[in-house]
1. Quick one: count up the residues across the stretch 276-307 that are β-branched (V, I, T) and either in contact with a Cys (Cβ under 9 Å, 6 or more places away or on another chain) or at pLDDT 70 or above (or both).
2. Against the conditions (1) over 30 Å from P162 (Cα atoms); (2) of a type in the set (S, T, Y); (3) without any contact (Cβ under 8 Å) to a residue 40 or more places away in the chain, where does T68 fall short? Just the number, please.
3. Between a residue in the stretch 83-95 that is within 19 Å of A72 (Cα to Cα) and any residue that is part of a loop (DSSP other than H, G, I, E, B) and modelled with pLDDT of 85 or more, which pairs come within a Cβ distance under 9 Å, given they are 6 or more apart or on different chains?
4. Exactly one of (1) in contact with a Pro (Cβ under 8 Å, 6 or more places away or on another chain); (2) closer than 15 Å to V138 by Cα is unmet by N200. Its number?
5. Residue under question is P149, and the condition is that it be open to solvent by 10 Å² or more (accessible area, probe 1.4 Å) and not polar (S, T, N, Q); does it hold?
6. Consider the stretch 103-140. How many of its residues are without any contact (Cβ under 8 Å) to a residue 12 or more places away in the chain, in a helix (DSSP H, G or I) and open to solvent by 90 Å² or more (accessible area, probe 1.4 Å)?
7. Can you name the residue in the stretch 72-96 that is aliphatic (A, V, I, L, M) and surrounded by 11 or more Cβ atoms within 10 Å (Cβ to Cβ) and, of all such residues, is modelled with the highest pLDDT?
8. Could you check, for the stretch 244-251, whether at least one of its residues is touching a Leu at 6+ places or on another chain (Cβ under 8 Å) and surrounded by fewer than 17 Cβ atoms within 10 Å (Cβ to Cβ)?
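The values are calculated or read from the model by the stated rules, or taken from the named source; none is laboratory data. These numbers were taken from a predicted model, which means no experiment stands behind them. Ideal geometry is used to build each Cβ from the backbone, glycine not excepted, and the neighbour counts take in all protein chains shown. These accessible areas exclude ligands, DNA and RNA; they are computed on the full protein's heavy atoms, side chains included. Shrake-Rupley method; radii C 1.70, N 1.55, O 1.52, S 1.80 Å.
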Amino acid sequence: MIILTHRQMSFIARLMRATRLAGVLLLLEGCDAALLSPAGLVGKAERTILLDSVAIMLAIVIPTILATLAIAWWFRASNARAHRLPTWSYSGRIELIIWSIPALVVLFLGGIAWTGSHELDPAQPLVSTTPPLELEVVSLDWKWLFIYPQQGIASVNRLVVPAAVPLHLRITSASVFNVFFVPRLGSEIYSMNGMTTQLNLQADQPGVYPGLSAHFSGDGFSDMSFDVHAVTTEQFAQWSSSTRGTGQTLDDEAYRGLLQQSRNVQPYTYGSVQPGLFTRITRQDLPPGDGPQTAQSRPIESTQPVH
């Protein structure tokens, strides 16, 4: 019969509760495994870094848990073979082990972070023999504007791109800070008013990949999402050709209409774009948006901009 002390029983009970909590969290994380099922070069590289980091930490965590349980079992009250040293206070060898293992963990994790942060620099172009597709992205309240400068068209809340082609995104904000994020394609990055950030991504296979704002920006934040439609090169050429010359023109007046705060905006396109519009937005030649409303401000109307 195994008899444990009250302290040992209390520790094991806390350990079991922590284990159950970790299991629940893992189940909840399984509801959205986008980060673990990447569809692009950057996303796959980031998953590798994540898994390597977890493996390094588990190499310490699992033996520590097993050693704790083994020690608690061996030094149980009924084990007469356990050799106790009530006056023991110091061991140089144990101190060396205790400090060297965490130091190695920090060294390995730091090496992975250092290498990955340079290899996956968002502004660094992806290695490819295919020229990148240039995209200009503007975060508004509460929608996303995508400008295709090479094609002379634009879209709202839908990003259509060719699969297996690098994407070079220049990103800015019409009002407050925001974060552009497509989980299955890779890195997220800030969009800031009066500034331009760069991001390089690629969708390896055709598909629809949800994108979102990963930074709270007011009442309409929860609806500030979009879809990335990765299609074949031929389908992208057909889409851009059919879009060009149809619908409204994205000029100063149309952009001022987009600055109006709106929620649940359905995707639509512009058949032409005024040259240099993105540059004028970044230089703040055009007025910024109102940004989130304060308690003293007027209520926000849930309407779509006129287009």
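1. Count: 3.
2. (3)
3. Partner pairs satisfying both residue conditions: R84/F75.
4. That leaves (2) as the condition not met.
5. Yes, satisfied.
6. Final tally of qualifying residues: 4.
7. A72
8. Among the residues of the stretch 244-251, at least one is touching a Leu at 6+ places or on another chain (Cβ under 8 Å) and surrounded by fewer than 17 Cβ atoms within 10 Å (Cβ to Cβ), which makes the answer yes.
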